[in-house]
């Protein structure tokens, strides 16, 4: 299936431009420019592309690159159960508000990664260390934050271009958010994590 990657950040750096300068030189909004810089470019309008090409003096193919890449993940094993990474804490509370407990826990997972890059399949194993922050307010526990550590670097760093590596890590984060929320801890997601999915 593949994905499209925005090179706008690189083009801006090469031309000593920032979001504000592009906004001033075009009719594009800060939000539109920011979305493209951060690869949230769903539904890019031709007018947006035309203005960027004129300003940057480039072709549409310079702004976007298509990568023929697919990835899937499977948890093959858990080396340890969830354990407290830090002691549970209580957040400061106002007089009229309920207490919010914060718990940070981690685990160690063996993940199988199946990829296809330019039609060539590959498979590798990696160990990841997801750390999650859970908040409890009253009886409601919510998955607030997830960070991922990896053992001895990432096994795909030399196999793929940087854009593909970033995409793979983004997909791994999405996979782990869903896995932790639905299959492991069975807790709802904070809105910020829902937006990543």
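Are any residues in the stretch 1-15 in a loop (DSSP other than H, G, I, E, B) and out of contact with any helix residue (DSSP H, G or I) (no Cβ under 9 Å at 6 or more places or on another chain), and if so, which ones? Please lay out each step first, then the result.
Filtering the stretch 1-15 for residues in a loop (DSSP other than H, G, I, E, B) gives 1-2, 7, 15.
Matches in the stretch 1-15: 1, 2.
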Number of positions in the stretch 26-66 that are touching a residue at least 12 places away in the same chain (Cβ under 8 Å), out of contact with any strand residue (DSSP E or B) (no Cβ under 9 Å at 6 or more places or on another chain) and assigned to a loop (DSSP other than H, G, I, E, B)
4
Has the stretch 140-163 got at least one residue that is exposed (fewer than 15 other Cβ atoms within 10 Å of the Cβ), out of contact with any strand residue (DSSP E or B) (no Cβ under 8 Å at 6 or more places or on another chain), modelled with pLDDT of 85 or more and not assigned by TED's automatic domain parsing to the domain that holds residue 7?
yes
Evaluation of residue 125 against (1) over 30 Å from residue 9 (Cα atoms); (2) exposed (fewer than 11 other Cβ atoms within 10 Å of the Cβ); (3) modelled with pLDDT of 80 or more (one fails), failing number:
(2)
For residues in the stretch 67-112 being touching a helix residue (DSSP H, G or I) at 6+ places or on another chain (Cβ under 8 Å) and modelled with pLDDT of 95 or more, which is nearest to residue 180 (Cα to Cα)?
73
Test result for residue 23, free of Cβ contacts under 8 Å to residues at least 60 places away in the same chain, surrounded by 13 or more Cβ atoms within 10 Å (Cβ to Cβ) and over 25 Å from residue 115 (Cα atoms)
yes
Can you confirm whether the stretch 165-185 contains a residue that is under 14 Å from residue 115 (Cβ atoms), assigned to a loop (DSSP other than H, G, I, E, B) and either outside the structural domain of residue 130 (by TED's automatic domain parsing) or modelled with pLDDT under 90 (or both)?
no
Filter result (surrounded by 13 or more Cβ atoms within 10 Å (Cβ to Cβ) and under 25 Å from residue 4 (Cβ atoms)) within the stretch 111-122:
113, 114, 115, 116, 117, 122
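The values are calculated or read from the model by the stated rules, or taken from the named source; none is laboratory data. Since the model is a prediction, treat every value here as computed from it, not as a measurement. Neighbour counts run over all protein chains shown; Cβ positions are idealised from the backbone, glycine included.
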